[in-house]
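The structure under discussion appears below in the form of structure tokens.
The values are calculated or read from the model by the stated rules, or taken from the named source; none is laboratory data. Small disclaimer: the values here were computed from a predicted structure and weren't measured. With ideal geometry, Cβ positions are generated from the backbone for all residues, glycine too; neighbour counts draw on all protein chains shown.
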């Protein structure tokens, strides 16, 4: 009998956020194969009577164990989503096919193409337009009661691998799902950090296309280690965002009125203010320095491209009076606003 390595510690410790609906979907997979889920439930320490409580939740570790044991017992990494089994190691093969890519865009294109070799019941595609990248799922065969669990799992699996490959959180501009808002909708922001939309035409996630240019930071040895316990990548959010500085810059330039405080900026980027400050510090930046940079660039643009009075420019870039603006501008550029306009 396969024993999941995560059972070495108590999997019930920690916050219980995963809805029991996902555990019930795995139990349904067992039923479809005529298999008893008792072993998986026991290793995950999920009491069978919890399946009858629609409000019950389990921990990420319990979800990992339940998924891993069931995949082994059923020899199906898709957990009965598709018209054929995906034997153990199928998604590892997708990882290996993508790991030698020079950048994330190439890796995700390979991921989508090779997923089509595993099944045609759903098709993954990557598109890029207007500065946004979209990873979408088109359904070609009804998924029945496993509809939600399949689409959520595929997107989290793809996104988790992408984040791991470039060693960066990928901030989402949207995650969309082609079904009504479920009773456990409150868990979706934990899985997909960004705006969530239900009743969409199809499932998918969108993000800044600049992530596609990030180079892969993993090699075959790192992949071997990751595959020994890959399932946490489908459950846990990746912490570090290598494009965070650029995303903050973009927000400060495009919507300065919505970024007056750290809390405002953090809310726009779907992280906490504490996480925002910590990650900026890790990247050698600070919110104040990025704000000053944005104000300086806006001031230079207005001074060089408009005839607005200095008092009006000062107000537009966030200063109460012309004197404080001139003082800050000289600290930024080493010269006065008037001399810039004179040139």
Item to check | Single unsatisfied condition, residue 111 versus (1) farther than 27 Å from residue 66 by Cα; (2) surrounded by 15 or more Cβ atoms within 10 Å (Cβ to Cβ); (3) free of Cβ contacts under 8 Å to residues at least 60 places away in the same chain | outcome: (1)
Item to check | Scope segment 164-184; condition outside any loop (DSSP other than H, G, I, E, B) and under 18 Å from residue 196 (Cβ atoms); matching residues | outcome: 172, 173, 174, 175, 176
Next on the checklist: Take the conditions out of contact with any strand residue (DSSP E or B) (no Cβ under 9 Å at 6 or more places or on another chain), over 17 Å from residue 212 (Cβ atoms) and modelled with pLDDT under 95 and apply them to residue 157. Does it pass?
Outcome noted: yes
Checklist outcome for this item: In the set 102, 19, the lone residue that is buried (at least 16 other Cβ atoms within 10 Å of the Cβ) and in contact (Cβ under 8 Å) with a residue 40 or more places away in the chain is 19
Checklist entry - What residue, of 113, 141, 96, is assigned to a helix (DSSP H, G or I), over 26 Å from residue 247 (Cβ atoms) and modelled with pLDDT of 95 or more? => result 113
Next on the checklist: Against the condition within 22 Å of residue 121 (Cβ to Cβ), more than 23 Å from the chain's Cα centre (by Cα), modelled with pLDDT of 95 or more and part of a loop (DSSP other than H, G, I, E, B), how does residue 70 come out, does it pass?
Outcome noted: no
Checklist entry - With (1) touching a helix residue (DSSP H, G or I) at 6+ places or on another chain (Cβ under 7 Å); (2) at pLDDT 95 or above; (3) not in a helix (DSSP H, G or I) as the list, and residue 107 as the residue in question, which single condition is left unmet? => result (3)
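The rows are residues; the columns are (1) assigned by TED's automatic domain parsing to the domain that holds residue 189; (2) closer than 22 Å to residue 164 by Cα; (3) out of contact with any helix residue (DSSP H, G or I) (no Cβ under 9 Å at 6 or more places or on another chain); (4) assigned to a loop (DSSP other than H, G, I, E, B).
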position: 14; (1), (2), (3), (4): no, no, no, yes
position: 18; (1), (2), (3), (4): no, yes, no, no
position: 55; (1), (2), (3), (4): no, no, no, yes
position: 58; (1), (2), (3), (4): no, no, no, no
position: 65; (1), (2), (3), (4): no, yes, no, no
Next on the checklist: Return the pair list, or none, for Cβ contacts closer than 7 Å from residues in segment 198-226 that are assigned by TED's automatic domain parsing to the domain that holds residue 268 and more than 20 Å from residue 102 (Cβ to Cβ) to residues that are part of a strand (DSSP E or B) and at pLDDT below 95, at least 6 apart or on different chains.
Outcome noted: none
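Residues checked against (1) in contact with a helix residue (DSSP H, G or I) (Cβ under 7 Å, 6 or more places away or on another chain); (2) in a strand (DSSP E or B); (3) at pLDDT 80 or above:
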residue: 199; (1), (2), (3): no, no, yes
residue: 210; (1), (2), (3): yes, no, yes
residue: 218; (1), (2), (3): yes, no, yes
residue: 222; (1), (2), (3): no, no, yes
residue: 233; (1), (2), (3): yes, no, no
residue: 236; (1), (2), (3): yes, no, no
residue: 239; (1), (2), (3): no, no, no
residue: 245; (1), (2), (3): yes, no, no
residue: 248; (1), (2), (3): yes, no, no
Next on the checklist: So, residue 148, is that one within 20 Å of the chain's Cα centre (by Cα), assigned to a helix (DSSP H, G or I) and outside the structural domain of residue 175 (by TED's automatic domain parsing) or not?
Outcome noted: no
Checklist entry - Only one of 298, 341 is in contact with a helix residue (DSSP H, G or I) (Cβ under 8 Å, 6 or more places away or on another chain) and crowded, with 16+ Cβ neighbours inside 10 Å; which? => result 298
Checklist entry - Regarding residue 132, is this residue touching a residue at least 60 places away in the same chain (Cβ under 8 Å) and in contact with a strand residue (DSSP E or B) (Cβ under 7 Å, 6 or more places away or on another chain)? => result yes
